[in-house]
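The structure under discussion appears below in the form of structure tokens.
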Amino acid sequence: MRSSVFTRFLRDNLRALVGWTVGVAAVTALYGSFWPSMSEAGDAMDAYVESLPEGFMESMGWTSLSTVDGYLNATVFGLLVPVLLVIAAVSLGSRAIAGDEEAGALELLMAHPVTRVGVVLQRAAASAVFLAVPGLTVFGTLALLGPAIDVDIPLDRLLAASTGVTLIALVHGAVALAVGAATGRRAVALGAAAVLAVVGYLGNTFARQVEELEWLRFGSAFHYAMAPDPLVNGFDAGATAVPAAAAAVLTAIAAAAFDRRDIGV
Amino acid sequence: MTAAPPPVITTRALTKNYGRTRALFGLDLEVRAGEVFGFLGPNGAGKSTTIRILLDLIRRSGGEARVLGLDPRADGVRVRREVGYLPGELTVASRRPARELLAYLGDLRGGVSPARIGELADRLGLDLSRPVRGLSKGNKQKVGLVQAFMHRPRLLVLDEPTSGLDPLLQQEFLEMVRETRADGRTVFMSSHVLGEVQDVADRAAVIRRGRIVATEDMDALRERASRQVRIRFAAPVDAAGFTGLENVRDVDVSGDTVSCVVDGSPDALVKRAARHTVLEFDSAEPDLEDLFFTHYNNGTDREGPSDAE
């Protein structure tokens, strides 16, 4: 079957890809372009932050709103882009097998000389490429606009942060893929991945404040993208490898589960 | 030429359970190379379940299955490479034109020439430039037929192939089936209506509630078919004139209308009716549920096999 399934899946989702990419670029550009005025209002901002309840900053994952990395972490990388990318990834991952199957469209494909494992792997690879496009768009947008909006973060750090948020999405997409491949139910796949994303996000933020919940962070994909603070420290091998490996393992589980069951019943 | 070629499809004691519900109860089937085989049964009898097992879309719970000498469970890809399949319910939702979908499906099989796709589309009157999503049921069925036939498979497995096709296209389709047979290839087609396969099939099996209740030559099957016939005459007729005719039973005469059941040829009934002026002659499609109960049953198993046994 070569790469037909891969190519076709990307093409079938081209509209969605364009939509998410434009959305991510717009959000990144919009919030990025607020930075110059935010930095001018630095003192006022710090005073405002002082007035917030204790722990609020930490729970939101904000370190500072008066530095460019702190500001971008609080807006683009810490909340908006991960949310958008996770939604895109979960929607795609749940559609890749379960959604297609529930629509009745998978039967025709699977009646061709393709293997179950091959279809899952090709669609998973296509989903990864799909997510990489808006992920790189975040990097590209900030890299291009940087000089104009006083964002003077080195490119490798921007790339590290963009990779981090893309990996968050990849992990949740892989969860949706695996649950969908195992159950054949799109709603179950969507639900499982959405719950995990919310728990992971809250777990990561609450864990910053409650010592007893510290362990929760290690189960959260958000932790690996944010804790190393890539805008300040650049790439972190461990924090990149863990979510990438998790996505790979989930994809393998998806393939194995799909290979074992009846299709379309 | 010595021994007969090996059968193209065989199943032995094939069973399938969906959870605690059993859909197939030990199915034995044999389809010979080069024949057109009708797989008949009412909706829900297990036709699609059987077909999906043959393609390894679903897995059997017990028994054996062989397609082109291979176990679909172990050699699914090799089986599917040689098979053209038309699903019972074809869902295609792409916004892209039919031509592109068919090219993609051809690619999955190592490529099918656009000329071949165009030729089949022309025969069936399918417009390849229209998006598949907006196609009518009949046109979607044409897309399904083109993809099933286009790579000239050794075995065609067609689940309810004529549904949605108008009578003219049904004829064209039957012609394609005959050509496939003339080519030495095999066609396995299911239907819930005897009429759809009787003109083209060499043999047929009837499945009912997950069991094969008969496998035989199409001619013999047609002989067995019972149909409800109703004739209306210009004037009231005498009941006595219609009793005791060959192949005719359950005669009911009320005024100018005669209702009866005909087993096999209606010759005697037609000749007798011709003595009067006939205004209407209705003959219902034989009911597959009934097909085997008039002849095979000795009155012991009128309700058919019980699912609890």
Seminar exercise, completed: Residue count, segment B:215-261, condition on the phi > 0 side of the Ramachandran plot and assigned to a strand (DSSP E or B), comes to 1
For this session: Starting from segment B:191-203, keep only residues that are more than 13 Å from B:Gln170 (Cα to Cα), then list their pairs with residues that are open to solvent by 30 Å² or more (accessible area, probe 1.4 Å) and of a type in the set (Val, Ile, Thr) whose Cβ atoms are within a distance under 7 Å, requiring at least 6 positions of separation or different chains.
Result: B:Arg203/B:Thr215
Exercise. Within segment A:94-108, can one find any residue that is within 14 Å of chain B (Cβ to nearest Cβ), in contact (Cβ under 8 Å) with a residue 12 or more places away in the chain and surrounded by fewer than 17 Cβ atoms within 10 Å (Cβ to Cβ)?
Worked result: yes
Problem set entry | Single condition B:Leu57 does not satisfy, out of (1) within 14 Å of another protein chain (Cβ to nearest Cβ); (2) open to solvent by 20 Å² or more (accessible area, probe 1.4 Å); (3) of a type outside the set (Val, Ile, Thr); (4) free of Cβ contacts under 8 Å to residues at least 24 places away in the same chain | (2)
Seminar exercise, completed: If we ask which residues in segment A:250-265 are open to solvent by 50 Å² or more (accessible area, probe 1.4 Å) and within 14 Å of chain B (Cβ to nearest Cβ), their number turns out to be 3
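The rows are residues; the columns are (1) modelled with pLDDT of 95 or more; (2) charged (D, E, K, R); (3) over 17 Å from A:Thr21 (Cβ atoms).
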| position | (1), (2), (3) |
| --- | --- |
| A:Gly99 | no, no, yes |
| A:Glu102 | no, yes, yes |
| A:Ala124 | yes, no, yes |
| A:Val138 | no, no, no |
| A:Ala161 | no, no, yes |
| A:Val179 | yes, no, yes |
| A:Val188 | yes, no, yes |
| A:Ala197 | no, no, yes |
For this session: Would you confirm whether any residue within segment B:92-107 is open to solvent by 30 Å² or more (accessible area, probe 1.4 Å), more than 9 Å from chain A (Cβ to nearest Cβ) and either out of contact with any helix residue (DSSP H, G or I) (no Cβ under 9 Å at 6 or more places or on another chain) or of a type in the set (S, T, N, Q) (or both)?
Result: no
Exercise. Is there a residue in segment B:139-153 that is under 17 Å from B:Ser94 (Cβ atoms), within 14 Å of another protein chain (Cβ to nearest Cβ) and over 21 Å from the mean Cα position of the chain (by Cα)?
Worked result: no
Exercise. From A:Ala247, A:Ala241, A:Ala227, A:Ala237, which residue is under 21 Å from A:Pro82 (Cα atoms), modelled with pLDDT under 80 and more than 14 Å from every other protein chain (Cβ to nearest Cβ)?
Worked result: A:Ala227
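The values are calculated or read from the model by the stated rules, or taken from the named source; none is laboratory data. Quantities reported herein were computed from a predicted structural model and do not represent experimental measurements. Methodologically, a virtual Cβ is constructed for each residue, glycine included, from the backbone with ideal geometry; neighbour enumeration extends over all protein chains shown. Calculation scope for accessible area: heavy atoms of the full protein, side chains included, ligands and nucleic acids excluded. Shrake-Rupley method; radii C 1.70, N 1.55, O 1.52, S 1.80 Å.
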